[in-house]
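**Student:** Just passing along the structure, written as structure tokens.
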Amino acid sequence: MDLNMNVNAPHSMGTTIIGVTYNGGVVLGADSRTSTGMYVANRASEKITQLTDNVYVCRSGSAADSQLVSDYVRYFLHQHTIQLGQPATVKVAANLIRLLSYNNKNMLQTGLIVGGWDKYEGGKIYGIPLGGTLVEQPFTIGGSGSSYLYGFFDQAWKEGMTKDEAEQLVVKAVSLAIARDGASGGVVRTVIINSEGVTRNFYPGDKLQLWHDELEPQNSLLDILNAPSPEPMNI
Amino acid sequence: MNFMASKQPENSLLGPEADSQRTLYPNVTGTSVVALKYKDGILMAADMGGSYGSTLRYKNVERMKAIGKHSLLGASGEISDFQEILRYLDDLILYDNMWDDGNSLGPKEVHNYLTRLMYNRRNKFNPLWNSLVLGGIKNGEKYLGTVSMIGVNFEDDHVATGFGNHLARPILRQEWHENLSFEDGVRLLEKCMRVLLYRDRSAINKLQIAKITEEGMTISQPYSLKTYWEFSAFENPTQGAVGSW
């Protein structure tokens, strides 16, 4: 029964998305590149989408599929919140995403990371890959860029990080994935969710750390040519 | 517009409505489950891996769960389908409890329900992509059975799914006997799991062993097995044939 697996192994999706829990909440991160084939259709997309005041979702794969799934879940959660009389929990949001992903598994091509904070369980991250499996994890990565980050996270992830440590880890990771994955690029966006609320951050490409074989951006060659010569040494 | 080029449906001969009702292939999968009958009940072992194609993506997936008071279900194959089966079984056990008649579904009954579930889905060309192992004990009677994704079902003194059928069953055929002690049972399962670790690409070194007896079900904490690599032939594999590998 497992003979078909090698022939149809899941293929990767454009994007790098990350969700990380820390001591008090969660940090969600993503790149901002949307591509149609080889062309970059949108170089500043917003891939971290709001579901409720306290729950956000990172989207990867088909832009249309992921947008529709989040739109439906936002709609259901809105009604659920009215009925419940208090903010929806992260678990409920994740399970609604799972329901849509699982029941339409033949038609959808989207991997999602649900992250948020609620008063019962605190900060939680749920991964919902292709097929509609629901997995609660302390951190998770997704999208085509994530292939380059498994080793990085195996080494760099630590339990009980602070908010700043967690955010720095996420920014570093997305930046490393952008460096190697053609389907990821642009800016790094992060969303931090905790008991105090939601903070959205923006890290433009030119403000990120440089990696191997990358050079400091210049305005022009002319600036390099006209740069003052180095001082002679005093031996 | 996509984040990446869209994939074509695999089977474009049938119309779009029929297409949406077939499971084409699994995405996140679990590998072998191995189980045996021992003196006091059933012992079952499975690793905690969830593979995504060839990537060992998830390393904390529990693939064995208690069902009611008397049964233990282990699954290999698509994890999302296993999660759905657990929901079906939740409903089954709930309704059984709501009768409040002192009776409760035993492993034989749960196995039969699962067989019908899997076979009926197979008939609609929309299978739940799992191989299941159902073990339990009720009123002193031990039961161990298996159901495949196409509805093939049978019971035996020891069963396995996937690679376990090829690697673990032969070991069990040689070394299993009636009335194994708990320690002997665990050691036998670990022998099987170690071979699977050496030879199954989708196995990971983090497993759990579950036990079900008349008293109830316990599942061990996740743990890892030691492996042996210090054969001289491993350290110098090309001594007798320089240039080979």
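**Student:** How large is the helix-only mean residue ellipticity at 222 nm for chain B, computed as the sum of -39500 (n - 2.57) over DSSP H runs with n ≥ 4, divided by its residue count, in deg cm²/dmol to the nearest 500?
**Tutor:** The helix contribution divided over chain B gives -10000 deg cm²/dmol.
**Student:** Would you please give the residues with an amide H less than 5 Å from that of residue B:131, counting only those at least 5 places away or on a separate chain, with H modeled from the backbone geometry?
**Tutor:** B:76, B:77
**Student:** Angle check, please: helix A:90-103 long axis (alpha carbons) against the longest principal axis of chain A (alpha carbons), in degrees 0 to 90, nearest 10.
**Tutor:** For helix A:90-103, the angle is close to 80 degrees.
**Student:** Quote the charge dipole size of chain A about the Cα centre in Debye, to the nearest 20; the model charges only the Cβ of Lys and Arg (+1) and of Asp and Glu (-1).
**Tutor:** Here chain A has a charge dipole of around 720 debye.
**Student:** Considering only Cα-Cα distances, which of the following residue pairs are longer than 25 Å: B:108/B:191; A:105/B:69; B:37/B:69; A:158/B:211; B:69/B:142?
**Tutor:** B:108/B:191; A:105/B:69; A:158/B:211
**Student:** Sticking with this structure for a sec: Using a Förster radius of 51 Å, what is the FRET efficiency between residue A:152 and residue B:101 based on their Cβ-Cβ separation? Nearest 0.05, please.
**Tutor:** E(calc), rounded to 0.05, equals 0.35.
**Student:** Run the dipole for the protein assembly as shown about the Cα centre, Lys and Arg Cβ at +1, Asp and Glu Cβ at -1, nothing else charged, and hand back the magnitude in debye, nearest 20.
**Tutor:** 580
**Student:** Go through B:175-181, A:112-118, B:65-71, A:17-23 and give me the packing order, highest mean Cβ count within 10 Å leading.
**Tutor:** For the peptides B:175-181, A:112-118, B:65-71, A:17-23, the packing ranking is A:112-118, A:17-23, B:65-71, B:175-181.
**Student:** Would you mind calculating the gained length between residue A:201 and residue A:218 on full extension (0.36 nm times residue separation, minus the Cα-Cα distance), in nm to one decimal?
**Tutor:** Taking 0.36 nm per residue and subtracting the Cα distance, the gain is 3.6 nm.
**Student:** Here's something else I'd like to know. If you count, for every residue in A:106-119, the Cβ atoms of partner chains within 10 Å of its Cβ, what is the mean?
**Tutor:** 2
**Student:** Does anything in the range B:214-231 have its amide N under 20 Å from the 7 Å Cα→Cβ label point of residue B:198, and if so which residues?
**Tutor:** Backbone N within reach: B:224-231.
**Student:** Straight-line reach only, C-alpha to C-alpha below 13 angstrom: list the aspartates and glutamates that residue A:91 could link to, leaving out same-chain residues fewer than 8 apart.
**Tutor:** In chain and number order, the partners are A:118, A:121, A:136.
**Student:** Same structure again: Using label points projected 7 Å from each Cα along Cα→Cβ, tell me how many nm separate residue A:86 and residue A:107, to one decimal.
**Tutor:** 3.6
**Student:** If you don't mind, there's one more thing I want to ask. Ignore the peptide's own chain and count Cβ atoms of other chains within 10 Å of each Cβ in A:130-139; give me the average, rounded.
**Tutor:** Mean shielding count: 6.
**Student:** From the phi of every residue in the range B:190-195, what ³J(HN,Hα) in whole Hz does the Karplus formula 6.51 cos²θ - 1.76 cosθ + 1.60 yield, where θ is phi - 60° and glycine or proline is x?
**Tutor:** Using θ = phi - 60°, the values come out as 5, 4, 5, 5, 5, 4 Hz.
**Student:** Once amide H atoms are built 1.01 Å from N in the peptide plane, which residues 5 or more positions from residue A:109, or in another chain, come under 5 Å H to H?
**Tutor:** Amide H neighbours of residue A:109, under 5 Å, 5+ apart: A:62.
**Student:** Then there's this: How big is the gap, in Å, between the Cα center of the range B:188-203 and the Cα center of the range B:74-138?
**Tutor:** 27
**Student:** Within 10 Å of each residue's Cβ, count the other Cβ atoms and sort A:81, B:31 from fewest upward.
**Tutor:** Listed from fewest to most nearby Cβ atoms, that is A:81, B:31.
**Student:** Highest first, please rank the peptides A:226-235, A:120-129 by the mean number of other Cβ atoms sitting within 10 Å of their residues.
**Tutor:** Listed from highest to lowest mean packing, they are A:120-129, A:226-235.
**Student:** So if I place +1 on the C-beta of Lys and Arg and -1 on the C-beta of Asp and Glu, and nothing else carries charge, what would the dipole magnitude of chain B be about its Cα centre? I want it in debye, nearest 20.
**Tutor:** So the dipole magnitude of chain B works out to roughly 600 debye.
**Student:** Projected onto the charge dipole of the range A:40-108 (+1 at Lys/Arg Cβ, -1 at Asp/Glu Cβ, origin at the Cα centre), which of A:86, A:75, A:99 gives the Cα projection farthest towards the positive end?
**Tutor:** Farthest along the dipole direction, towards plus: A:99.
**Student:** Right, here's the next one. Estimate the FRET efficiency between residue B:225 and residue B:166 by the formula 1/(1 + (r/R0)^6), using the beta-carbon distance for r and 22 Å for R0, to the nearest 0.05.
**Tutor:** 0.70
Every read-out reported here was derived from the displayed coordinates using simple, explicitly stated rules and does not represent laboratory data. The shown structure was predicted, so the numbers you read here are calculated from the model rather than taken from an experiment. All Cβ positions, even for glycine, are placed from backbone atoms using ideal geometry, and neighbour counts span all protein chains on display.
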